[in-house]
Each structure stands twice: as structure tokens, then as C-alpha cells.
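Asks: Pasting in a structure now, in C-alpha cells, and then I'll have a few things to ask.
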Amino acid sequence: MNIDEQTRLGVGIIGLGRVGAVMGAALREAGHAIVGVTAGSDASRDRAEAMLPGVPIVDIETILERAELVLFTVPDDAIAELVSGLAALGRFSPGQIVLHCAGRHGLSVLQPAADAGAIPIALHPSLSFTGTSMDLPRLRRTTIGVTAPKPVLPIGQALVVEIGAEPVVLAEADRSLYHAAITHASNHTITIIAQSMEVLSSLGVEEPARVLSALVDASVSNVLQSGPRALTGPVSRGDVTTVEAHVQALAEHAVTQDSAEVADAYRAMARATTARALTNGTIDDATAARLLDVLGS
């Protein structure tokens, strides 16, 4: 979506990691001008060259002098100290948009800039970034959580729409729970699938990804379309003996691998799945109790 000259912003990016590079490229595609980025590592400089060719690599002070919109994409734990330090030095300008993409943070980390007259906005794309051009079409299919003071909320929403994503308004107090929810879905899924691939590899399966691909794709698609009613498998069926066999096999695997990581994860997720199946009504209280007994709860 291109914008006219009146609404075009000069954007500066502080901390050109994966998120910063992709957000910068998306804003550039939408018609905004990237006036400078900071890049303190070889990886950041490579991203600048690949994703934002021709954009100057400058220092933070230069970005704050040039940019109408300053995007902080430094590590989450560094944002508050960096913003407060720059505010103490008088680096923010009234009316300057100051924005970050950290999931768990809201506006509080930007308050020193707001006190100096800047416009604070917190965005968070619900996306796992690679930092490459392949993220751009993915970004246009995702949602972006927007937290901003009510009078300037439309600015945050407009920025999201301009890059082709869908804005989701989040209250300041809800940011941590929102971030926990999407992290649970994304990061923990990766952990579980990686564990399953390692178990299959230990059995001599040469292409564990191929074994899991169709199954995982279908499971994710089904739950996104149908919600928790998509749950299938031995727990949902109340097949206690199968679950017991799984627990025993994983316990033996833990001994051979000298690690109980997968066995512990299976039992924990199976207990949660038991509660879900009970809520769905596919098992009764007695079956749930037998499953939990097998799972060691």
C-alpha cells in the first residue's frame, strides 16, 4: 500500500536485528523513507545491505535528529534503559513517533520519551522472523498487536495497515499475557516438534521431518479452524493402555539418552491434554483419573 507525500515519514531504526530489518523493509515498501539505521555487528550490516540497500548506517544521535519515526528493535531488556538514557540527554523531539516491537512491553518503557513530547506506540507482529525477504509476504498475512494512547491509536493502526498486516488493539495491562499466549503456541511447538524429530532419528528414521510434516500441518490447520474440538489421539479417545505404553517407552528412551527431557514434556502435555479432553466431553471423570494416574500426576 503506497502512501502520498504528505503522510510519508522519515524512519530511523535503532538495532537492526531480524525484526528491525523486516519492519524497515515493509515500511519502505509502503512508501516511508528509511533515513538511517544502527548496525553494530557484521550480521546487522549484512542485513542492512540485503534488506535496506542504500540506507546509511549511522549512530543513534543522527537517527534521532533525522527521523520522524524512531523504531527501537534492540533486545527487550535493553529498551527501557536506552530510552531513559536518551531522554535524559534531551534527544527526543516533540511530535516524534517513538515505537518498539517488543511483545511483553507496552508504553511504560517509552514513557521518558513521551514525557519529552514524543508519541509512544508499541507494536508486536505475531510472527517468527528470519530477518530475510521471505518474512515480507508472511508479515502481510499476520496480525500486529497495537498499544498506544487513545488519541494516537489510529497512527499505530494505520502503520500496520500500510504494511499490509492486520492491527489488533491491546491494552497496556494485557501485553504480557498476550505475549505469553503466542510464545506458548510458537516457541513451545518448535520444542515439541524438535523433540519428536530427535526421537525418530534415534530409531534410525532418516527423514523425521517427512514423517511429521503432513501430521503436524493437519493438526495445526484443524485446531486453527475448529478450535479445541479438533483434538484427537489416544488421550482424547481415553485409550489408557496406549498412553501407558508411551510413558514406558519414553522412560526407556530417557535411560538410553541419559535425558528425561522428552518423557517429562510428554507427561506434562498429556496431563494438559487430559484436562482438555475432559472439557471437550470425549472422556469421563473416571477415564481422566486413570490417565492422570498413568501420567504420574
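Asks: I'd like to know if region 90-99 contains one or more residues that are over 23 Å from PRO151 (Cα atoms) and at pLDDT 95 or above.
Replies: yes
Asks: Have a look at VAL58, VAL70, VAL37 and point out the one that is of a type outside the set (Lys, Arg) and touching a Pro at 6+ places or on another chain (Cβ under 9 Å).
Replies: So the residue among VAL58, VAL70, VAL37 that is of a type outside the set (Lys, Arg) and touching a Pro at 6+ places or on another chain (Cβ under 9 Å) is VAL37.
Asks: Which numbered condition trips up SER259, out of (1) surrounded by 12 or more Cβ atoms within 10 Å (Cβ to Cβ); (2) in a helix (DSSP H, G or I); (3) of a type in the set (Gly, Ala, Ser)?
Replies: Tallying (1) surrounded by 12 or more Cβ atoms within 10 Å (Cβ to Cβ); (2) in a helix (DSSP H, G or I); (3) of a type in the set (Gly, Ala, Ser), SER259 fails exactly one: (2).
Asks: Being under 19 Å from ILE192 (Cβ atoms) and free of Cβ contacts under 8 Å to residues at least 24 places away in the same chain narrows it down to one residue among ALA265, ALA251, ALA289, ALA277; which is it?
Replies: ALA251
Asks: If GLU207 passes every condition in (1) touching a residue at least 12 places away in the same chain (Cβ under 8 Å); (2) open to solvent by 40 Å² or more (accessible area, probe 1.4 Å) but one, which one does it miss?
Replies: Here GLU207 meets the rest and fails (1).
Asks: Based on this model, can you work out whether ARG229 counts as farther than 15 Å from THR143 by Cβ, open to solvent by 80 Å² or more (accessible area, probe 1.4 Å), outside any loop (DSSP other than H, G, I, E, B) and modelled with pLDDT of 95 or more?
Replies: Judged against the criteria, ARG229 is not a match.
Asks: Which one of these is closer than 21 Å to ALA277 by Cβ and either part of a helix (DSSP H, G or I) or open to solvent by less than 40 Å² (accessible area, probe 1.4 Å) (or both): GLU252, GLU198, GLU244?
Replies: On inspection, the qualifying residue turns out to be GLU244.
Asks: Right, here's the next one. Given the condition open to solvent by less than 80 Å² (accessible area, probe 1.4 Å) and of a type in the set (Ser, Thr, Tyr), answer yes or no: does some residue in region 267-280 qualify?
Replies: Looking for residues that are open to solvent by less than 80 Å² (accessible area, probe 1.4 Å) and of a type in the set (Ser, Thr, Tyr), one finds at least one in region 267-280, hence yes.
Asks: Only residues that are without any contact (Cβ under 8 Å) to a residue 60 or more places away in the chain, open to solvent by 50 Å² or more (accessible area, probe 1.4 Å) and in a helix (DSSP H, G or I): list them for region 103-154, please.
Replies: Those that are without any contact (Cβ under 8 Å) to a residue 60 or more places away in the chain, open to solvent by 50 Å² or more (accessible area, probe 1.4 Å) and in a helix (DSSP H, G or I): GLN111, ASP115, PRO137, ARG138, LYS150, PRO151, PRO154.
Asks: Which one is nearest to ASP135 (Cα to Cα), of the residues in region 158-180 that are assigned to a helix (DSSP H, G or I) and open to solvent by 60 Å² or more (accessible area, probe 1.4 Å)?
Replies: That would be VAL161.
Asks: Please pick out the residue among LEU64, LEU71, LEU52, LEU86 that is in contact (Cβ under 8 Å) with a residue 60 or more places away in the chain and either under 20 Å from GLY10 (Cβ atoms) or in contact with an Asp or Glu (Cβ under 7 Å, 6 or more places away or on another chain) (or both).
Replies: Just a single option satisfies the conditions, and that option is LEU71.
Asks: Continuing with the same structure: Being over 16 Å from the mean Cα position of the chain (by Cα), among the aliphatic types (A, V, I, L, M) and under 18 Å from PRO75 (Cα atoms), is that true of even one residue in region 121-135?
Replies: Yes, some residue in region 121-135 is over 16 Å from the mean Cα position of the chain (by Cα), among the aliphatic types (A, V, I, L, M) and under 18 Å from PRO75 (Cα atoms).
The values are calculated or read from the model by the stated rules, or taken from the named source; none is laboratory data. Predicted model only: the values in this text are computed from it and were never measured. When we count neighbours, we look across all protein chains shown, and the Cβ atoms used for this are built from the backbone with ideal geometry, even at glycine. Surface areas here come from the heavy atoms of the whole protein model, side chains and all, with no ligands, DNA or RNA. Shrake-Rupley method; radii C 1.70, N 1.55, O 1.52, S 1.80 Å.
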